[in-house]
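The values are calculated or read from the model by the stated rules, or taken from the named source; none is laboratory data. Model, not experiment: these values are computed from the prediction. Counting neighbours? That spans all protein chains shown, and the Cβs are built from the backbone with ideal geometry, glycine included.
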Amino acid sequence: MFSRILLTACLILTLAATAVAAEPTTLHFGIISTASHQTLKKRWEPLLADMQKSIGIKVQAFYAPNYAGVIEAMRANKVQVAWFGNKSAIEAVDHAYGEVFAQAVPLDGTPGYYSHLIVHKDSGLNSLEDVLKHAKKLSFGNGDPNSTSGFLVPNYYAFAKHKVDPKLAFKSIVNASHEGNALAVAAKQVDVATNNSVNLQRFGKSYPDKRNQLKVVWTSPLIPSDALVWRADLSEKLKGKVRDMLLAYAVKGQNVESEKQVLAPLAWAYFRSSDNDQLLPVRQLELFKTRTQVEADAALAPAEKAQQLAKIDAKLDEMQSKIKR
């Protein structure tokens, strides 16, 4: 009797171990909504087709109408690998079992990219000062709330640091993707909008005539390049296949030139290895924004304000020490 029970227990443990070790038959790859579904599909499908050939299982693209949809899909394990901006990558790491493993490198080889405010070339607006001066008469195209370059960076550097609340300053506000904002400005449906340097390169390839209608009136400090994130519980074997494929892509092998052509519509040159520390500058930025809000909060008692600011400053110092290492 005991032998039978022991045999049954061993069988259950063996089956459980086999289930845990089993490789998925499909890898679902999440793509944030910086442009229309059709545009994103055209840009991404060639790369994902090459990934499928390399790793030996089906790679299925996952599109959502907003950034939060991809974050939630990763949390629910409906997406195992995804492309994120740094702000949305923070959400994936903190709330969706995500882990940064690679970073996209722009075509010019710089370690990052820039957020922009764009206007129509005929608008008469030439600087951030012009935009802020005439804001009450202007419609503003903001980005997705989980976008680094479309929301977090411009809302801090262009507005919060100038003590401006966009919701109060502009005549009206709409939120859209990078492509949607660029199209709206080109068509004079929106007066000023957020965007970024890499997306404007992509936009210029897809809509050269409309790109010529746009003018950049503000540029942010450098933002770390976009992150590729996988679920931390993805098998080490599959992680290795995905990492090896991407880090070699457009860098070495027999197909380097054709692979460069695949990455060109994404405005990327290649991928470099990375980890969660690439998110530290953007985490700092979010804390800076919080610090600004606390410092300006007249309802806080002086002692409470000082205590909160001290905690924030300690976190900022800790992050800075990690960045320097």
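Can you confirm whether residue 236 is over 30 Å from residue 140 (Cβ atoms), of a type in the set (Asp, Glu) and crowded, with 16+ Cβ neighbours inside 10 Å? So residue 236 fails the test.
Only residues that are assigned to a helix (DSSP H, G or I), closer than 14 Å to residue 172 by Cβ and of a type in the set (Gly, Ala, Ser): list them for the stretch 125-153, please. Scanning the stretch 125-153 gives a single hit, 135.
Of the strands (runs of 3 or more DSSP E) entirely within the stretch 75-120, those holding at least 1 residues that are farther than 21 Å from residue 243 by Cβ occupy 115-120. In the set (1) touching a strand residue (DSSP E or B) at 6+ places or on another chain (Cβ under 8 Å); (2) at pLDDT 95 or above; (3) assigned by TED's automatic domain parsing to the domain that holds residue 119, residue 243 fails one condition alone, (3).
Exactly one residue out of 174, 217, 198 is surrounded by fewer than 23 Cβ atoms within 10 Å (Cβ to Cβ) and touching a residue at least 60 places away in the same chain (Cβ under 8 Å): that is 217. In the stretch 296-320, the residues that are in the same structural domain as residue 286 (by TED's automatic domain parsing) form Cβ pairs under 8 Å with partners that are outside any helix (DSSP H, G or I), at six or more places apart or across chains, as follows: 296/163; 305/297; 308/300.
Select from the stretch 159-174 the residues that are at pLDDT 95 or above and touching a helix residue (DSSP H, G or I) at 6+ places or on another chain (Cβ under 9 Å) and write down the one among them that is farthest from residue 87 (Cα to Cα). My answer is 171.
Reported count of residues in the stretch 69-120, each being among the aromatic types (Phe, Trp, Tyr), buried (at least 24 other Cβ atoms within 10 Å of the Cβ) and out of contact with any Ser or Thr (no Cβ under 6 Å at 6 or more places or on another chain), is 1.
Conditions (1) among the small types (Gly, Ala, Ser); (2) in a loop (DSSP other than H, G, I, E, B); (3) within 20 Å of residue 103 (Cβ to Cβ); (4) within 16 Å of the chain's Cα centre (by Cα), marked per residue:
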| residue | (1), (2), (3), (4) |
| --- | --- |
| 185 | no, no, no, no |
| 190 | no, yes, no, no |
| 193 | yes, no, no, no |
| 199 | no, no, yes, yes |
| 202 | no, no, yes, yes |
| 205 | no, no, no, no |
| 210 | no, no, no, no |
| 215 | no, no, no, no |
| 218 | no, no, no, no |
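Of all residue pairs spaced 6 or more apart or on separate chains, those with beta-carbon atoms under 7 Å, a first member in the stretch 69-88 that is among the β-branched types (Val, Ile, Thr) and a second member that is buried (at least 24 other Cβ atoms within 10 Å of the Cβ) and in a helix (DSSP H, G or I) are 71/88; 71/92; 79/70.
Under the condition of being loosely packed, with under 15 Cβ neighbours inside 10 Å and not in a loop (DSSP other than H, G, I, E, B), the residues counted in the stretch 239-285 number 8.
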